[in-house]
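See below for the structure under consideration.
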Amino acid sequence: MATAASLAVPAWCPTSGDRHGVHWADGSISERDPGRPTIELPRGAFAVPGLIDGHLHLILGGLGLEMLDLGSCTSRAEVECLVRARHATLGPDRWLIAQGWNEDRWGGEQPTAAWFDGLDGRPVVAWRMDHHACVVSTSVLSRLDLSSTPEGGEIVRDAGGTPTGLLREAAAWHIAKPEIPAPSMDVRRMALDAAVRHLHALGVTGVGSMEYGLDLEHVIAPRRHDLPLRMAVTLLDRDWPLDVTPGVIFEGTDRLWVVGYKSFIDGTLGSRTARMHEPYADEPSTSGLWTELAADGLLREWAEHVLANGLSPSMHAIGDAALTAALDALERDERRAGRIEHAQTARPEDIARCAGRIVSMQPLHKADDAPNAPSRLGASRMERFFRFRDFASAGARLVFGSDWPIVTCCPIAGMRAAITGIDRNGAVVAPDQSLTPIEALHAYTIEAAKALRFPGGCGTLQAGAPADITVLDRDPRTADWVHAPPRVLMTIIGGEIVHRAT
Ligand SMILES: [Zn+2]
């Protein structure tokens, strides 16, 4: 590890603006000292504070690096082809786990168990790209207890009433998921390391990660002194009453700490389970779902319990009605510690209520959801879709992230989506809501650091701050974000170079 070094490149910091070179000693940014070793980088290289992904699922993402990725498929034939190819590589008793499919890429046909016929009865489960639905093979379907549908879920059936293999929301999580063999603790530990390496290569120095207490205790917490990444954990455990037990998991370090708890208010726009104030334009029989504590009317009590324990309640709210419910639940959160996750649709009056509040959004979700949003929402309600600019103007504290493995955790790709408004088909959507490069950088650095309670100085390049630095190949403020966005040359965490582009 470099105890003292300098980067001989121009740099930018959200608190002190332009700089010339970044210097550090013993893991912290320090004043210039000509006696220190200097790291020379190519002409044009440019340093910014280490990029922070404000919302991802680290262990799930690491496990997903091993899963079959169906994200590129644009037809049933392509799905079947990739699945058959993976099947041929697996031992006889192994499950085939896939993720990433999106029916909007092939005209909307819902996948069924029949897509996985002819694989020698191999158990197959394929998660939709949002992980809010899955389709299973006939061999898996026959093992499931489908006698009743869990609250907030759906077992999709054909005209004759026979389950098709597609399960949505709580039905996917509570009926199918428990049947899937859980990866062992050793596999999960390897997933942690694989995820961290993946993030280093993308220039990420810190994350806000959604994790279960069991993974925190057995996989992540043992690494709290030497984790090669800064990680603010939000716990997904949501039994009620919530048992916030002080213990080993709350003894944070400057690498790992618990910042709060997560609760789901609704589902997703793609699955028409995000809770809207008015019905879906393309399925007027539904306005989406209330899920979990929101369905039980316990959201406010839960949020206040988390706040009373000094932690941050984080609420998944994609529909405009879910955002209203989240804001209602935070009415007594005077310190503005609560976090609203996603906020993909919002009424103007609710945007105004977000002044001073942490609104954690994922620009690549806009890029992914934009093509089908007009059919879900109808033209007039597109005025409520991904209001980056309106939230910023209202004084909301915007934090950006990816929700990996739902989408890539590449912060440059996220920034590009926020700055250009370009969706996954290349169309520019609501350019009046796009942000400047500096605003996007704020959301990926200092605002993320503050919202997730990173160690003091993180998200800046000020003297005394931890030496978390991302080096790009060009100045992000003047780059052509449409055609030639910056590339990551180097990632530095606590003064240690953890990635260098080859
Ligand atoms: Zn998430």
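Scanning segment 391-428 for residues that are closer than 21 Å to Ala317 by Cβ and more than 16 Å from the ligand (Cβ to nearest atom) turns up Phe391, Ala392, Ser393, Ala394, Gly395, Ala396, Arg397, Leu398, Ala417, Ala418.
For segment 43-63, taking the residues that are part of a helix (DSSP H, G or I) and open to solvent by less than 10 Å² (accessible area, probe 1.4 Å), the one that is farthest from the ligand (Cβ to nearest atom) is identified as Gly62. Being polar (S, T, N, Q) and closer than 26 Å to Asp186 by Cα: is that true of Gln99 here? Yes: the conditions hold for Gln99. The helices (runs of 4 or more DSSP H) located wholly in segment 399-502 that include 3 or more residues which are within 20 Å of Met231 (Cβ to Cβ) occupy 446-451.
Identify all residues within segment 250-283 that are within 16 Å of the ligand (Cβ to nearest atom) and assigned to a loop (DSSP other than H, G, I, E, B); write none if there are none. Within segment 250-283, Ile265, Asp266, Gly267, Thr268, Leu269, Gly270, Ser271, Thr273, Ala274 meet the criteria. Of the residues making up segment 209-224, at least one is under 20 Å from Ile446 (Cβ atoms) and either touching a residue at least 24 places away in the same chain (Cβ under 8 Å) or open to solvent by less than 30 Å² (accessible area, probe 1.4 Å) (or both).
Suppose the filter is open to solvent by 20 Å² or more (accessible area, probe 1.4 Å) and either more than 16 Å from the ligand (Cβ to nearest atom) or among the hydrophobic types (A, V, I, L, M, F, W, C) (or both); does Ala11 pass it? Spelling it out, it is not the case that Ala11 is open to solvent by 20 Å² or more (accessible area, probe 1.4 Å) and either more than 16 Å from the ligand (Cβ to nearest atom) or among the hydrophobic types (A, V, I, L, M, F, W, C) (or both). Thr164 meets each of the listed conditions (1) within 16 Å of the ligand (Cβ to nearest atom); (2) assigned to a strand (DSSP E or B); (3) surrounded by fewer than 19 Cβ atoms within 10 Å (Cβ to Cβ) apart from (1).
The values are calculated or read from the model by the stated rules, or taken from the named source; none is laboratory data. Being a predicted model, the structure only gives us computed values, none of them experimental. All Cβ positions, glycine included, derive from the backbone under ideal geometry; neighbour counts span all protein chains shown. The protein model used for the area step is the full one, side chains on, heavy atoms only, and it has no ligands, DNA or RNA in it. Shrake-Rupley method; radii C 1.70, N 1.55, O 1.52, S 1.80 Å.
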